[in-house]
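Step one of this worksheet: look at the structure below.
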Amino acid sequence: MKIRQMAAAAASLTLVLGLAACGGGSGDNKAAAGDRPNQMYTWVSNQSDREQWETFIAGVKESGDSEFNITLDGPSFQEYWTLVKTRMAASDAPCIITTQAARAQELGSLLAPLDDLAKEAGLDLSQYNEAMMQGLTVGGTVRAIPYDAEPMLLFYNKEMFEAAGLTAPGADYSREQFLSDAKALTKDGKFGFAVSSDIGYPPLAISFADGIVPTKDGELTLTDEALVKDIQWTMDLVKEGVAAAPNPGDTDEVGRQAFMAGNVAMFIDGPWFYSTYQDGSDFEVGIAAPPSTSGQPGGMIQGSGFGVADSCPDKAAAFANIVKMTTPEVVAYVGQHRGTVPSIASALSGWSEGKPEADVKVVEALLESGQPLVTTPQWNQVVTQFSQYSSDGYRGNKTAEEIMTQISQAIG
């Protein structure tokens, strides 16, 4: 999770969750710092977002700290990555901020190094998912503590597969079989698959399945031959007739709604939407690994973490709150109630509870094979420009090589 939520109308609000705040530090420090160590700036513009953060707070209370509370403030997910920089420059900025692993490099200057704080608090960093820890490390230091580790999943409509007489996919799913299935499922005005103009949904998820990533040694590799070839393969799914070309700027939400309406048989998305699909669809939903050339699972691990603002006057107090929200018990609690895959392996049972064994095996396989989505400070520009230009690629007006070269040259 990243926690990566549904796109919502831009809004900014403050959610106060009563009672006294907790934290560390002396009384003098707290007086100087005000209540900032107990405040968090994050994406919190819709009901799903609010419930997500409330579940962390409820998990801490459930684990024994009945007076734990955090004040939340923030805009929509899409606006967050720009507005967080402005908010953190204010004298009253909250001490706790969230970041995706994929955006940690971008927000690195806002996030305090946590290695020494973790050592002083006796926090064992090795308990957290290795891929997520890599993603949340900037300049050789840890900048956030992950609360989830989310491998991208292929969601599929079980009823459509059964009606077409197809074998349901699982942890081992080849591109050849995927394309064959998608063609068989494309009929009667419905498509076998959905794509979007977002570079992660599905181009990167498919590239990661083959072990191909967009950076190397801290630098973007947007024109890497293997990456370009994979993006072209994804764009050619429209030419193959199994997906509809997205409009410029179409977010993953378009494909998500088409899938839930039963108009698309398969869609790649994050496990943080597992409950949304299960509860919001009128058909049985299954999950599989994104297709790879070999058929072996390869995961693109996304997710998010809690960080301490570099401007925070009482970093120890803010970090103490983060520690409470990222214990095995709490991340398991959130996984159980919100469907996010926990950042701690021993807590996966919280996510697994009540889910089909086949689904659990898919997630376990992807976590074992997964790599982190590590980006650069220019990543937001990459996402924005790909969204702008990719519809030409899906429509065959430009090649993936032309688009990725254009983006690479624009970023410089």
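Odds and ends about this structure:
- Alpha-carbon centroid distance for the pair the stretch 35-88 / the stretch 216-284, whole angstrom: 28 Å
- Rh (Kirkwood; distinct C-alpha pairs) - the stretch 106-212, Å: 17.3 Å
- Full extension of the segment from Asp172 to Ala345, taken as 0.36 nm per residue of separation minus the current Cα-Cα distance, would add 60.1 nm.
- Shape analysis of the stretch 150-270 based on the Cα gyration tensor places the equivalent ellipsoid semi-axes at 25, 16, 13 Å, largest first.
- FRET efficiency, Glu357 to Glu253 (Cβ-Cβ, R0 41 Å, nearest 0.05): 0.85
- Alpha-carbon centroid distance for the pair the stretch 145-207 / the stretch 296-340, whole angstrom: 29 Å
- Overall form of the stretch 293-412 per C-alpha gyration tensor (a/c, 1.5; a/b vs b/c): oblate
- Using a Förster distance of 35 Å, the FRET efficiency for Gln134-Lys190 (Cβ separation, nearest 0.05): 0.35
- Among the listed pairs Lys187/Lys355; Lys61/Lys85; Lys190/Lys239; Lys119/Lys324; Lys85/Lys315, a Cα-Cα separation exceeding 20 Å is found for Lys187/Lys355; Lys61/Lys85.
- Projected label distance in nm at Ile411 and Ser66, using a 7 Å step from Cα toward the beta-carbon: 5.1 nm
- Computed helical MRE - 222 nm, the chain, DSSP H runs ≥ 4 contributing -39500 (n - 2.57), nearest 500: -12000 deg cm²/dmol
- Here the simple spin-label model places points 7 Å from the Cα toward Cβ, and for Lys216 and Gln47 these points are separated by 4.8 nm.
- As computed over the chain, the Cα convex hull volume per residue (Å³): 127 Å³
- Accessible surface ranking for Val213, Val264, 1.4 angstrom probe, highest first: Val213, Val264.
The values are calculated or read from the model by the stated rules, or taken from the named source; none is laboratory data. Treat the numbers as computed from the prediction; the structure is a model and nothing was measured. Glycine also receives a Cβ, built like all others from the backbone with ideal geometry; neighbour counts cover every protein chain displayed. Accessible surface is based on the protein model in full, side chains and every heavy atom, while ligands, DNA and RNA are left aside. Shrake-Rupley method; radii C 1.70, N 1.55, O 1.52, S 1.80 Å.
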